[in-house]
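J.: The structure under discussion is supplied below as structure tokens; questions concerning it will follow.
No lab work stands behind these numbers, since they all come straight from the coordinates. Keep in mind that this is a model prediction, so the values were computed, not measured. Cβ: placed from backbone, ideal geometry, glycine included. Neighbour counts: every protein chain shown.
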Ligand SMILES: [Cu+2]
């Protein structure tokens, strides 16, 4: 796959550098990374350069005429012309043509974005404050996370040279799924589904079998971003994800890796889910309180609720907190947690609970959690035929 800038062909070195600088300025070096790039950038630069040309022309004329027709003592002002047909036609027709090109080019570029090809890979995307939850057609969700801005965001994969359609919905407010490198953006609403599709054209990552890691093809380019483009509250700017574009066999491998969490011990899986399911946006594990209470030291403690009730934090309490977060509101906090009903499996709920148990202040709990995780994994492997 070409490195960024390579598409400029055998240009001279200074020109290549200048063009790289230009691409970096607008698109972080991500030009033609999807099938929408050329048309979208074409419209953009057409509008940009037309506006620039008219800005320069108008400013130049303004200063020139202001100077030329300034008041000079003793010189009588010229009489204003009342009418000039050729001039009036010129300034009506030329802009009309320029605007018509804008409209038609824009429409031609936009229409294909509205209709996803029938053979698209389908990925469902759920937005909530302040995380993206991404589910593939095999039920897999990305487990890998990366620290983006100040928070961990999911790292997920798209196949190269094949259309992928996102079916999007929100659990709370309006968000917007923005994939700048692919020139794709669409709002995500709480009460109905919206969709958009992309077809990436450049592989960004590959599987390194010796190191067992996904590595960038170009070490300087860590892949593409997913961001939220609709202000959705305090941590809107942290609502990010990282996208890897993979060759088809790598993509299938990645998908099956994410789906197969059975071999990951509960404690480790819980730690991964804390980040990949977005709990990290509201729950710290170091005792500092955020939108929600920290998970550190809550295991086995009596949790006090706003309505005066209380419950001991055990597996069932954590299960209920995830599936019906509004049922009991922890004292000192508000009902801001989205439900994870239908987005987590039983084993994942158990994994979160076991992980929270390892964050107990009581050494015996930590040991018990690790032992339980090891035992669960042993039984699973033994149960396999
Ligand atoms: Cu958002």
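J.: Just to verify a number: FRET efficiency for residue 236 and residue 316, C-beta to C-beta distance, R0 = 35 Å, to 0.05?
T.: Working: r = 34 Å, r/R0 = 0.96.
Given R0 = 35 Å and the Cβ-Cβ separation, E is 0.55.
J.: Between residue 52 and residue 213, what's the calculated FRET efficiency when r is the beta-carbon distance and R0 is 51 Å? Round to 0.05.
T.: E between residue 52 and residue 213, to the nearest 0.05, is 0.70.
J.: Would you mind calculating the relative contact order of the stretch 89-184 from Cα pairs under 8 angstrom and at least 6 residues apart, reporting the percent as a whole number? Kindly include the intermediate steps, with their values, before the conclusion.
T.: Values: 89 pairs, mean separation 26.8, N = 96.
28 percent.
J.: Hey, rough spin-label estimate for residue 150 and residue 248, points 7 angstrom out along Cα→Cβ, what's it come to in nanometres?
T.: 4.5
J.: Expressed as a rounded percentage, what relative contact order does the stretch 266-383 have, with Cα pairs under 8 Å and six or more residues apart?
T.: Values: 166 pairs, mean separation 37.2, N = 118.
Averaging sequence separation for qualifying contacts and normalising by length gives 32 percent for the stretch 266-383.
J.: With a/c under 1.5 counting as rounded, go ahead and sort the stretch 317-385 into rounded, prolate or oblate using the C-alpha gyration tensor (a ≥ b ≥ c being the square roots of the eigenvalues; past the cut-off, prolate if a/b is larger than b/c, else oblate).
T.: Values: a/c = 4.43, a/b = 1.51, b/c = 2.92.
In terms of gyration-tensor shape, oblate.
J.: Another one. Could I have the simple spin-label model distance between residue 101 and residue 162, label points 7 Å from Cα toward Cβ, reported in nm to one decimal?
T.: 4.0
J.: If you bin the C-alpha pair distances of the stretch 170-266 every 5 Å from 0, what whole percents do you get?
T.: All Cα pairs, binned at 5 Å, distribute as 2, 11, 16, 18, 17, 16, 13, 5, 1, 0 percent.
J.: Could you calculate the contour length gain from residue 306 to residue 70, that is, 0.36 nm times the residue separation minus the distance between their Cα atoms, to one decimal place in nm? If you can, show how the numbers build up before the last one.
T.: Details: separation 236, 0.36 × 236 = 84.96 nm, distance 7.42 nm.
Length difference between fully extended and current span is 77.5 nm.
J.: Among 210-218, 282-290, what's the highest-first ranking by average C-beta atoms within 10 angstrom per residue?
T.: On the way: 210-218: 12.3, 282-290: 14.2.
Taking the mean over residues of other Cβ atoms within 10 Å, the ranking is 282-290, 210-218.
J.: To the nearest 10 degrees, how steep is helix 248-259 against the longest Cα principal axis of the chain, on a 0 to 90 scale?
T.: That helix lies at roughly 40 degrees to the long axis.
J.: Using only the alpha carbon atoms of the stretch 242-385, find the Kirkwood hydrodynamic radius as the inverse mean reciprocal pair distance, in angstroms to one decimal.
T.: On the way: mean 1/r = 0.0607 Å⁻¹.
Mean inverse Cα-Cα distance, inverted, gives 16.5 Å.
J.: Quick one: angle between helix 85-114 and the longest Cα principal axis of the chain, in degrees between 0 and 90, rounded to 10, please.
T.: Computed tilt is about 20 degrees.
J.: So what's the Cα pair-distance distribution over the chain, bin width 10 Å, in %?
T.: The percentages, shortest bin first, are 4, 18, 24, 20, 13, 9, 6, 3, 2, 1, 0.
J.: Calculated FRET efficiency, residue 62 and residue 185, Cβ-Cβ r, R0 45 Å, to nearest 0.05? Don't skip to the end; give the middle numbers.
T.: Details: r = 36 Å, r/R0 = 0.80.
Calculated transfer efficiency: 0.80.
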